[in-house]
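The values are calculated or read from the model by the stated rules, or taken from the named source; none is laboratory data. The structure displayed is predicted, hence computed values, not measured ones. Cβ sites come from the backbone with ideal geometry, for glycine too, and all protein chains shown count toward neighbours.
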Amino acid sequence: MTEFPRIDYEPAPLLSPAPPSGVAAEFIDLPHPRLDAGVPLMAALAQRKSARSYADSPMTLDTLGELLWAANGINRAETGGHTAPSAHGFNEIDIYVALPHGVYRYDAAHGRLVLKHAVDARNMTGYQDFVGKAPVDLVYVLRGSQVLEAPPKQRELFAAIATGAICQNVSLYCASEGLATVVRGWIDHRLLSDALRLNEDETPILAQTVGRPAA
């Protein structure tokens, strides 16, 4: 029988949200992405990997804007199409962004961040010991109302496929730009829902840490 390698972590203590470091603006307009940036796709695929050590350096707004556009931004203005596929165009996955100065929801249609909660909730986005040490933690959240037209047995499947596509977009952008990232499924769903100020219709699916690689 095949044995899978085990990845060991030191569990991070359950902490309350930290006070924000800096002013949490209600809206943050994101710069337009550089469509000619980064390495070729095949080179990015060759460099894609998971990383669990991060440098203590902030992320620029330009990089954050490109990261989120690559994740699930609008790439066809005439139809509202996104960079990640979604079954039947449900677009049921929202991206929440945990930053040092607040928790934001990515508004792809307007290319901006919308403030949800003025706290530093990065350390609440997972149990791993490195959580909260990188400048950005992304959380992928299912809006259940968006998939009501799908048969009940397919809703979770559609959400999982869409989330996986978004995660891979982020991973390829990070590989292209020399950033470190890792997708994380070890999360406390109730704690995270409270930290992000989610309602009963919203469910966190996965988290993804992004930052500069540790030296």
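Overview of results
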| item | result |
| --- | --- |
| Failed item, numbered, when Glu92 is tested on (1) surrounded by fewer than 16 Cβ atoms within 10 Å (Cβ to Cβ); (2) at pLDDT below 95; (3) of a type outside the set (S, T, N, Q) | (1) |
| Any hit, region 106-113, residues being of a type in the set (A, V, I, L, M), under 19 Å from Gln208 (Cβ atoms) and crowded, with 18+ Cβ neighbours inside 10 Å | yes |
| Output for region 140-160, where each listed residue is surrounded by fewer than 17 Cβ atoms within 10 Å (Cβ to Cβ) and either more than 30 Å from Met42 (Cβ to Cβ) or in contact (Cβ under 8 Å) with a residue 24 or more places away in the chain (or both) | Gly144, Ser145, Leu148, Glu149, Pro151, Pro152, Lys153, Gln154, Glu156, Ala160 |
| Options Ala109, Ala98, Ala121; residue that is in contact (Cβ under 8 Å) with a residue 12 or more places away in the chain, farther than 16 Å from Arg52 by Cα, in contact with an Asp or Glu (Cβ under 7 Å, 6 or more places away or on another chain) and not β-branched (Val, Ile, Thr) | Ala98 |
| Region 192-215, residues that are in a loop (DSSP other than H, G, I, E, B), of a type outside the set (Asp, Glu) and free of Cβ contacts under 8 Å to residues at least 40 places away in the same chain | Asn199 |
| Of all residues making up region 169-191, the number that are free of Cβ contacts under 8 Å to residues at least 24 places away in the same chain and in a helix (DSSP H, G or I) | 2 |
| Single match in Ala70, Ala108, Ala37, Ala44 (criterion: small (Gly, Ala, Ser), closer than 15 Å to Val170 by Cα and touching a strand residue (DSSP E or B) at 6+ places or on another chain (Cβ under 6 Å)) | Ala108 |
| First in region 65-81 and on the phi > 0 side of the Ramachandran plot, second anywhere and surrounded by 15 or more Cβ atoms within 10 Å (Cβ to Cβ) and modelled with pLDDT of 95 or more, Cβ under 7 Å, 6 or more apart | Gly80/Ile74 |
| Region 161-207 - residue that is of a type in the set (S, T, N, Q) and touching a helix residue (DSSP H, G or I) at 6+ places or on another chain (Cβ under 6 Å) and, of those, surrounded by the most Cβ atoms within 10 Å (Cβ to Cβ) | Thr181 |
| Every residue from region 125-162 that is at pLDDT 90 or above, in contact with an Asp or Glu (Cβ under 8 Å, 6 or more places away or on another chain) and assigned to a helix (DSSP H, G or I) | Phe158, Ala159, Ala162 |
| Verdict on Gly102 being in contact with a Leu (Cβ under 6 Å, 6 or more places away or on another chain) and at pLDDT 90 or above | yes |
